[in-house]
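Participant: Structure in structure tokens, see below.
Readers should treat all values here as calculations from the given coordinates under stated rules, not as data from a laboratory. Just so it is clear, the structure is predicted and the values come from calculations on it, not from any experiment. In this analysis, Cβ positions are derived from the backbone assuming ideal geometry, glycine residues included, and neighbour counts consider all displayed protein chains.
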2 protein chains.
Amino acid sequence: MRFTEDSVTSPNTAEISEGSMAPTRKRMGTAERKRQILDSAIQFFARNGIDGQLRNLSKELGITHTLLYHYFPTKDALIQEVYKEVFESRWKPEWEELLDDDSLTPEEKFNAFYLDYSNTVLTYDFVRILIFSGLSDHSISDRFFELLRTRLLPRLIRETRKYCGRSDTSKPTQRELEFLMGLHGGVFYIGMRRWIYGQAIYAAESPNTEQEIIRDRVQSYLHSAKSLFA
Amino acid sequence: MRFTEDSVTSPNTAEISEGSMAPTRKRMGTAERKRQILDSAIQFFARNGIDGQLRNLSKELGITHTLLYHYFPTKDALIQEVYKEVFESRWKPEWEELLDDDSLTPEEKFNAFYLDYSNTVLTYDFVRILIFSGLSDHSISDRFFELLRTRLLPRLIRETRKYCGRSDTSKPTQRELEFLMGLHGGVFYIGMRRWIYGQAIYAAESPNTEQEIIRDRVQSYLHSAKSLFA
DNA sequence: ACCATTATTTAACTTTTGGTCAATAAGTCC
DNA sequence: GGACTTATTGACCAAAAGTTAAATAATGGT
């Protein structure tokens, strides 16, 4: 993939400019530097794809590309850590709690969940890295979908049934799941348009509207579920 | 992006195997060979991303990579033709005719359209190349969305309104469009799951079900549109 | 002030890969 | 069958990009 990775003026070497002072070499603690690299790497690979060149990443960090090898044995190892960071540490356990909260109606749960989900997951970093990884190797993005499939979907189906006045706890049917995936995919598609295709979504202008969009769709989903599955 | 591009036994050199015959160098007409290369290139780049190496593509074709340069001045030129082929020559003008057909109800149109649309567009080649291109440079995928935006969406909104018993021809509101994009994105997400994340979609097993899935969603969309916009 | 540690850089190696060019040979036309 | 065209190849180049190893210099401890 051909991306233009703009050269960025190195923060570290910025101080060399004046006078004939020897370039002050900064020295960071292992943990902090590793953290810093990882953070930058997420942004960098989200932007440039996992084909982004280490030399460019290091330029953004103001270090030499060889220093990366002091913290990560190989480029692939770095990328694996990026995946891990993005897919695992951004998962919110609160989502499950929210969906299990007895004081909320199914409709409230759906609205609250998808609003927060879209704010957390429909990020530049997340969407792009998820897709980059899926494009190159399912086994990575699978980890995320596994969480979705086991933790969230069953709860969402349960709430859907509750909304329809049903209380059976039988295994979700494919038809139920597919109908739910219609809603889910529609929401994810917002992120796609925004971060992959670079389209301006209306919601970007006024934050209110994002909420409106999701409310419309959730209401539509639940309402139709009632006539389909009740 | 790191893909494993499996070496494929060259079809051309296959005949060398037996005896000590000199390898028969095949000679193809310009047009056919170019066509052949383009067809393979579509598959190849869909699989490996546009970073796929020309040497591997040519290996699949059973030719040397330098021969590619006899037909395409540069790798980028080849890729541009791949884009053109995928995005432009797969667009069906029938879609517009279908949506303009007066003998069909809005619901019939939606069903027929999205069923055919998903069969044409939700292909391995198409979905992956669309996303690869979007990831690296919007300007390419934009061409496709432009068709969508100008040719299809207005007609779909018109039919939605017709279904709702409205006949005004005013410009679609953002809310109407976003609601439609919910359906549209949900459909596209089927292709995403199938061709990006490698998930088995139920519909893959029985062709009937794909129809059922889309019918469910279309009906849900139209039904809800009525209560939202009527 | 010195030493040990290790973060950081410099230089270099290797493989990959897009691209060029002259040589070769498969058809075709007379 | 010889000449001409051009499809096809093989050898080669240069830049890109991952990786390694040795040299350098902050930093902290004593």
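Participant: A:Leu147 label points, 7 Å along Cα→Cβ, one per copy: pairwise distances from this copy to the rest in nm, shortest first?
Facilitator: Taking the point 7 Å beyond Cα along Cα→Cβ, the inter-copy spacings are 3.7 nm.
Participant: Same structure again: Going by a ≥ b ≥ c, the root eigenvalues of the Cα gyration tensor, does the stretch B:118-230 fall in the rounded group (a/c under 1.5), the prolate group (a/b larger than b/c) or the oblate group?
Facilitator: Oblate, because a/c is 1.5 or more while a/b does not exceed b/c.
Participant: Shifting gears a bit: Pick out which of B:Lys26, B:Lys34, B:Lys171 has the largest mean-square fluctuation in a Gaussian network model of chain B, springs linking Cα atoms closer than 10 Å.
Facilitator: Largest GNM mean-square fluctuation: B:Lys26.
Participant: If you rank A:Thr123, B:Thr120 by fewest surrounding Cβ atoms within 10 Å, what's the result?
Facilitator: B:Thr120, A:Thr123
Participant: Assign one of three labels to the stretch B:95-152, namely rounded, prolate or oblate, based on the Cα gyration tensor with a ≥ b ≥ c the square roots of its eigenvalues; rounded applies when a/c is under 1.5, prolate when it is not and a/b is larger than b/c, and oblate otherwise.
Facilitator: oblate
Participant: Can I ask one more? For A:Lys226, go through the aspartates and glutamates and keep the ones whose alpha-carbon is under 20 Å away, minus same-chain ones fewer than eight residues off.
Facilitator: Leaving aside aspartates and glutamates fewer than 8 places away in the same chain, those within reach of A:Lys226 are A:Glu107, A:Glu108, A:Glu159, A:Asp168, A:Glu176, A:Glu178, A:Asp216, B:Glu107, B:Glu212, B:Asp216.
Participant: Moving on to the next point. Put a point 7 Å out from Cα along the line to Cβ at B:Arg27; what are the distances to that point in the other copies, in nm, shortest first?
Facilitator: 7.1
Participant: Can you compute the FRET efficiency between A:Lys34 and B:Ala200 using 1/(1 + (r/R0)^6), with r the Cβ-Cβ distance and R0 = 35 Å? Round to the nearest 0.05.
Facilitator: 0.35
Participant: What full-extension length gain, to one decimal in nm, is calculated for A:Ser227 and A:Thr173 as 0.36 nm per residue of separation minus the Cα-Cα distance?
Facilitator: So the extension gain works out to 17.9 nm.
Participant: With a point put 7 Å past each Cα toward its Cβ, work out how far A:Lys26 is from B:Ser89 in nm, to one decimal.
Facilitator: 5.3 nm
Participant: Between the stretch B:121-159 and the stretch B:166-199, how many Å separate their Cα centres?
Facilitator: If we compute the Cα centre of each part, the gap is 11 Å.
Participant: In nm, to one decimal, how far is the A:Asp116 label point from the A:Thr64 one, both placed 7 Å along Cα→Cβ?
Facilitator: 4.7 nm
Participant: Which lysines have a Cα less than 24 Å from the Cα of B:Lys84, not counting those fewer than 8 places away in the same chain?
Facilitator: Within reach: B:Lys34, B:Lys59, B:Lys75, B:Lys92.
Participant: Semi-axes, largest first, in whole Å: what does sqrt of 5 times each Cα gyration tensor eigenvalue give for the stretch A:31-91?
Facilitator: Square roots of five times the eigenvalues give 17, 13, 11 Å.
Participant: Identify the trypsin sites (Lys or Arg not before Pro) of the stretch A:83-163 meeting these criteria: DSSP loop state and at most 16 other C-beta atoms within 10 Å of the C-beta.
Facilitator: Here the sparse-neighbourhood loop sites are A:Arg90.
Participant: Now for a separate question. Taking the 0 to 90 degree range and rounding to the nearest ten, how far is the long axis of helix B:207-229 tilted relative to the main principal axis of chain B, both from C-alpha atoms?
Facilitator: 40 degrees
Participant: Which Cβ of chain A lies nearest the axis of the rotation superposing A onto B, and at what whole-Å distance?
Facilitator: Nearest Cβ to that rotation axis, in whole Å: A:Gly186, 2.
Participant: Counting other C-beta atoms within 10 Å, which of B:Thr169, A:Thr64 has the fewest, and how do the rest follow?
Facilitator: B:Thr169, A:Thr64
Participant: For a distance above 31 Å, tell me the whole-number percent of Cα pairs in the protein assembly as shown that qualify.
Facilitator: Result for the distance tail: 51 percent.
Participant: Ok, one more. Specify the residue with the greatest mean-square fluctuation among B:Leu152, B:Leu54, B:Leu104, computed from a Gaussian network of chain B linking alpha-carbon atoms under 10 Å apart.
Facilitator: B:Leu104
Participant: Please arrange A:Ser40, B:Ser170, B:Ser103, B:Ser133 by counting, for each residue, the other beta carbons lying within 10 Å of its beta carbon, fewest first.
Facilitator: B:Ser103, B:Ser170, A:Ser40, B:Ser133
Participant: Report the label-to-label distance for B:Ala77 and A:Glu108 in nanometres (one decimal), using points 7 Å from each Cα along the Cα→Cβ vector.
Facilitator: Result for the modelled spin labels: 6.5 nm.
Participant: I need the shape label for the stretch B:70-110. Rule: rounded when a/c is under 1.5, else prolate if a/b > b/c, else oblate, with a, b, c from the alpha carbon gyration tensor.
Facilitator: prolate
Participant: Any of A:Lys109/A:Lys171; B:Lys109/B:Lys171; A:Lys109/B:Lys162 with alpha carbons more than 24 Å apart? Name them for me.
Facilitator: Among A:Lys109/A:Lys171; B:Lys109/B:Lys171; A:Lys109/B:Lys162, the Cα-Cα distance tops 24 Å for A:Lys109/B:Lys162.
Participant: Which residue fluctuates most in the GNM of chain B (Cα springs below 10 Å): B:Pro172, B:Pro106, B:Pro93?
Facilitator: It is B:Pro93.
Participant: Which percent of Cα-Cα pairs in chain A sits in each 5 Å bin, short to long?
Facilitator: Binned Cα distances yield the sequence 1, 6, 12, 15, 14, 13, 11, 9, 7, 5, 4, 2, 1, 1, 0, 0.
Participant: What is the Å³ per residue value for the convex hull set by the Cα atoms of the stretch B:58-194?
Facilitator: Once divided by residue count, the hull of the stretch B:58-194 is 134 Å³.
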